[in-house]
Amino acid sequence: MIKGFTRFLQSPGEHLRSLFGPQDASGGHPEPRIIPRQEHPVSRQHFSDAALKVLYRLHNAGHEAFLVGGCIRDSLLGRMPKDFDVATDATPEQVRELFRNSRIIGRRFRIVHVRFGREVIEVTTFRGKPGDDHADHVAQQSDDGMLLRDNVWGSLEEDALRRDFTINALYYNIADFSIHDFADGVRDIESRTLRLIGDPATRYREDPVRMLRAVRFAAKLDFHLDPATEAPVAELAPQLLQVPPARLFDEVLKLFMAGHGVETFRLLRDYGLFAMLFPEADEAMAELPWAEALVERALASTDRRIHEERPVTPAFLFAALLWGPVSLRQRALEAEGMPSIPALQAASQQVISRQLQHVAIPKRFSLPMRDIWDLQQRLMQRRGKRAFQTREHPRFRAAYDFLLVREAAGELEPGLGDWWTAFQDADEHEQRRLLSKVGADPAGSGPPRKRRRRRRRKPRRPAEDS
């Protein structure tokens, strides 16, 4: 079995064609297909123990239990799945009764999170189609067609057709280890096609975040969007303005913190979606020749660190995404006569305030982001003890990396980054030598500090003899 799976990993497309045959001559969706265990490579060995515990406990309690979505898709693509979602006919309350280590979350979609240490298994109840007879607390849509609540329970077949993309409507049945394919998702995996289930414009209006998911999957999986799925995106991009900023923060992390940030960013720009998430940054890119390159280089650095399994922080990415607008506002404030440092602080506050209307940035990230920006000024001031004080700042490393990105993007002349690179690795003698060169260094040491004139002390009169 292991040898067979290894061969499948080497050429998944060829094996899928041999397993499932050519596309139906009619060109439409085939009948729902149940693929028995001996005809697919997905194995329980690829699932986490926590996911199997949830599946078996639901099954033993008399419920249907399926692994669904990305974990099955990734297994068929030869990737080891990391996240596991379970679909069942059990209601959230029934799931909650089976698992003490669980809690029901969400109002728009009620789901159950079952926690095993640091791993969370998401369990959803089969969903049906909302009808006019359902009360608002069960199902509700806005005037624009966006789903505000969707807690109508249904059958497995109904749930499959409520999924967003065909490649995510694949179900692994723990009862017999078969795969249920309701929307021709296997063939779309073989052709590397991303296709929405149903009318794309309607599905995007139901949940505008699906446009972001389309871009994310296309970049992550190296898939192309089906023409019908692609066509409405540019026109419906403004629908994202209706999505709560807190939800969009979570989506931005998924977009840019998965190791495919550069390609994702380019697709977002191409489809007009980036301007809905970061409007002021998008405007700055049209005005500043280095702003787009700076974001791409920051994303490339983050992608590289993720692939090397090194730590990354959203604060660094948000600092890069919003640096263009901050620079423009700082420049305008300085032109009005405001000193450089107060202008930077005021510009930072203004940019963050506007950005929070679109994508929420929690303080645990916005405060370090501002430190990275503030340190850009201090990195230029290296005389005396300042270099040592800056080197000891908790955000120094992130600020230093950001300085290198600014130089590589063409915002700054090179030189200052090389100085700080040498200073960090030098011994005490070499550090003193580097500091002695700062005065003649054209890379910048900050504006010269004005020396205060010392008042001459009046000579004391000698005490008169008494």
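The values are calculated or read from the model by the stated rules, or taken from the named source; none is laboratory data. None of the values given here were measured: they were computed from a predicted structure. Here the Cβ is made from the backbone with ideal geometry for all residues, glycine too, and neighbour counts use every protein chain on show. Accessible surface areas use protein heavy atoms only, side chains included; no ligands, DNA or RNA. Shrake-Rupley method; radii C 1.70, N 1.55, O 1.52, S 1.80 Å.
Summary of computed values
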item	result
Kirkwood-type radius of region 196-317, with distances r between different C-alpha atoms, in Å	15.0 Å
Ordering of 189-198, 279-288 by packing [mean C-beta count within 10 Å, highest first]	189-198, 279-288
Fraction of accessible area attributable to carbon and sulfur, region 255-324 (%, probe 1.4 Å)	47 percent
Net length gained if the chain between Ile104 and Glu428 were fully extended (0.36 nm per residue, minus Cα distance)	110.9 nm
Loop-resident sites, region 339-398, for trypsin sites (Lys or Arg not before Pro), counting at most 15 other Cβ within 10 Å (DSSP)	Arg383, Lys385
Solvent exposure of region 233-285 as accessible area per residue, Å², 1.4 Å probe	37 Å²
